[in-house]
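Participant: The following block contains the structure, expressed as structure tokens.
The values are calculated or read from the model by the stated rules, or taken from the named source; none is laboratory data. None of these values were measured; they are calculated from a predicted model. Here the Cβ is made from the backbone with ideal geometry for all residues, glycine too, and neighbour counts use every protein chain on show. Quick note on the areas: whole protein, heavy atoms, side chains included, nothing else; ligands and nucleic acids left out. Shrake-Rupley method; radii C 1.70, N 1.55, O 1.52, S 1.80 Å.
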Amino acid sequence: MGVDALAHSGAGAENTIMVAGTGLDVRYPSINHALIKEIETKGLILSQFEAGEPSLKWNFPLRNELIVALCEALIVTQADLKSGTMHSVAYAQAMGKKIYVLPHRLGESEGTNMLLAKGLAEPLYDIDALVALYGQVSPQIVDSFLAYCDTQPLYHEAIEKFANKVFEYECLGKIVVHNGRLVRV
């Protein structure tokens, strides 16, 4: 309940994708009602559950699999050995995702400490270094067509939406057509 809200707040509603462990019409946890409403308005909320689906404990491991699938890397802030977070770690390992953990003192967060001890995760000591690897340090102008190309759309769909941009960006060498899809260079 806490780290998800902190991550969404830190990213800003307009820069976040929330994956709900409930139906889209259920705002859970209720303490985050305002944050969820803001993400609905400015960001994106996804759910694999039907409308009306309440918060059930087995929904969250399923939701976490989707979250891991959407991410480039998994950052584990804290995890007990038998926690739901360790399910996310297993998904990340199965998907070949990089795993980072916040190191803890002995006797605390045994899950993260075990991952470090076995070499299954990298310690996260420098947030700026992580941002340099995965994010943008300074704000840049977002090119909506290149952002669209990051989804590797089908060529014919891209032509329907952005005919002039497809040809322009292809000539500029910013995109290529590969197996019938647009790929950003």
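Participant: Once both axes come from the Cα atoms, what is the angle between helix 59-70 and the longest principal axis of the chain, in degrees from 0 to 90, rounded to 10?
Facilitator: Helix 59-70 sits roughly 40 degrees off the main axis of the chain.
Participant: While we're looking at this one, here's another question. Please check: in the Gaussian network model of the chain (C-alpha springs, under 10 Å), which one of 173, 52, 43 has the largest mean-square fluctuation.
Facilitator: Answer for the Gaussian network model of the chain: 173.
Participant: Taking amide H positions as placed 1.01 Å from N in the peptide plane, with prolines and chain starts having none, which residues 5 or more places from residue 19, or on another chain, fall under 5 Å of its amide H?
Facilitator: The list, which skips near neighbours in sequence, is 46.
Participant: For residue 177, tell me the accessible area in Å² from a 1.4 Å probe, rounded to the nearest 10.
Facilitator: In the full protein context, residue 177 sits at about 60 Å².
Participant: Does anyone have the angle between helix 33-42 and the longest principal axis of the chain? Alpha-carbon axes, 0 to 90°, nearest 10?
Facilitator: 20 degrees
Participant: Treating cross-link reach as a plain straight distance, find the aspartates and glutamates whose alpha-carbon is under 15 Å from the alpha-carbon of residue 98, omitting any fewer than eight places away in the same chain.
Facilitator: Within reach: 65, 72, 122.
Participant: Another question, then. Can you list the lysines whose alpha carbon sits under 17 Å from that of residue 82, skipping same-chain ones fewer than 8 residues off?
Facilitator: 57, 118
Participant: What is the distance in Å between the Cα centres of region 1-61 and region 106-185?
Facilitator: If we compute the Cα centre of each part, the gap is 23 Å.
Participant: Taking the 0 to 90 degree range and rounding to the nearest ten, how far is the long axis of helix 84-94 tilted relative to the main principal axis of the chain, both from C-alpha atoms?
Facilitator: Rounded to the nearest ten degrees, it is 50.
Participant: In debye, nearest 20, what is the charge dipole magnitude of region 115-185 about its Cα centre with +1 on Lys and Arg Cβ and -1 on Asp and Glu Cβ, if you could check? Don't skip to the end; give the middle numbers.
Facilitator: Details: 6 positive and 9 negative charges, 35 e Å.
For this selection, approximately 160 debye.
Participant: Using just the helices of the chain, give the 222 nm mean residue ellipticity in deg cm²/dmol: DSSP H runs with n ≥ 4 each add -39,500 (n - 2.57), and the total is spread over all residues, rounded to 500.
Facilitator: Taken over the chain, the calculation gives -13000 deg cm²/dmol.
Participant: At a Cα cut-off below 26 Å, give the lysines reachable from residue 174, other chains included and same-chain residues fewer than 8 away excluded.
Facilitator: Within reach: 161, 165.
Participant: Accessible area of region 68-161 with a 1.4 Å probe: how many percent of it is carbon plus sulfur? If you can, show how the numbers build up before the last one.
Facilitator: On the way: 3400 of 6100 Å².
Exposed carbon and sulfur together represent 56 percent of the surface.
Participant: Can you compute the charge dipole magnitude of the chain about its Cα centre, using +1 on each Lys and Arg Cβ and -1 on each Asp and Glu Cβ, nothing else charged? Give it in debye, rounded to the nearest 20. Walk me through the numbers before you get to the answer.
Facilitator: Numbers: 15 positive and 21 negative charges, 50 e Å.
Magnitude of the dipole: close to 240 debye.
Participant: Across the Cα atoms of the chain, what radius of gyration and what greatest pairwise Cα-Cα distance (Dmax) are found, in Å?
Facilitator: Over the chain's Cα set, Rg and Dmax evaluate to 19.2, 60 Å.
Participant: For region 77-185, what does the relative contact order come out to in percent, with C-alpha contacts under 8 Å and a separation of six or more? Working shown, then result.
Facilitator: Values: 100 pairs, mean separation 19.8, N = 109.
Result for region 77-185 is 18 percent.
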